[in-house]
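The values are calculated or read from the model by the stated rules, or taken from the named source; none is laboratory data. Treat the numbers as computed from the prediction; the structure is a model and nothing was measured. Counting neighbours? That spans all protein chains shown, and the Cβs are built from the backbone with ideal geometry, glycine included. Please note that ligands, DNA and RNA were not included when accessible areas were found on the heavy atoms of the full protein model with its side chains. Shrake-Rupley method; radii C 1.70, N 1.55, O 1.52, S 1.80 Å.
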Amino acid sequence: MVIVQLLRSKPSGVTTVAPSTSIRELLDVLADNRIGAAVVVDDDRAIRGIVSERDVVRRLRDHGADLLGMPVERIMTHDVVTCSTTDTVEDLMSVMTNHRIRHVPVLDDDGRLTGIVSIGDVVKSRIGELEGERDDLISYIGTR
Ligand code: AMP
């Protein structure tokens, strides 16, 4: 399955925050949207970074409660790994495993942010495919 198909099966849109967003606000965004990461974009929606709950947890140890007032640009990852709509879900599984990341923003042909795939989306998609294969096998056996 290619990523554009996977994106069709989930609500459209990508949750983004500005680099100046405070970490307190980020936590609201993550909790309200029930997500684990947000893409950090500037005013023209160009990707500046990505910030996940792991970044917050790790930096909490260093800064304590002071962290909450800091901007997300202080803790975000700058070099963002992205994928294209024509990559396959299998490609993305390798990318996530090799980079040890659980979120990958998707860029369209013009290089603009068009979606995001989480490891949960990948697992759900693979389970769907495997269930389909199992059903096909059961019906094939039933016709013999
Ligand atoms: P995650 O597994 O998504 O919670 O993120 C783990 C770490 O990888 C955090 O430091 C994130 O900022 C970083 N990260 C998450 N997704 C990406 C990505 N697509 N590209 C680069 N770094 C990422």
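For the stretch 1-90, what is the relative contact order in percent, using Cα pairs closer than 8 Å and at least 6 residues apart in sequence?
Numbers: 111 pairs, mean separation 34.7, N = 90.
Worked out over the stretch 1-90, it gives 39 percent.
Quick check on the chain: helices-only [θ] at 222 nm, where DSSP H runs of length 4 and up contribute -39,500 (n - 2.57) each and the sum goes over total residues. Nearest 500, please. Estimated from H runs of four or more residues: -14000 deg cm²/dmol.
Plugging the Kirkwood radius over Cα pairs into Stokes-Einstein for the stretch 1-98, at a temperature of 37 °C and a viscosity of 0.692 mPa s, what D comes out in µm²/s? My calculation gives 225 µm²/s for D. Using R0 = 30 Å, the C-beta based FRET efficiency linking R74 and R34 works out to 0.80. Cβ-Cβ distance of D44 and T86, R₀ of 22 Å, FRET efficiency by 1/(1 + (r/R0)^6): the value works out to about 0.35.
Within the accessible area of the stretch 1-137, the carbon and sulfur atoms contribute 48%, probe 1.4 Å, all protein chains present. Amide H to amide H, with H built 1.01 Å from N, G49 comes under 5 Å of V40, counting only residues 5 or more places away or on other chains. Computed from the C-beta positions of S12 and M93, the FRET efficiency with R₀ = 30 Å rounds to 0.85. Heavy atoms of the protein chains alone define the surface here; on that basis the stretch 40-133 has 60 Å² accessible area per residue at 1.4 Å probe size. Label 7 Å along Cα→Cβ of I127; the stretch 84-98 residues with amide nitrogen under 20 Å? Inside the label zone: 89-94, 96-97.
Given their separation in residues at 0.36 nm each and the Cα-Cα distance between them, Y140 and V2 gain 47.1 nm when the chain is fully extended. For the stretch 34-144, the Cα-based Rg and Dmax, in that order, read 18.6, 68 Å.
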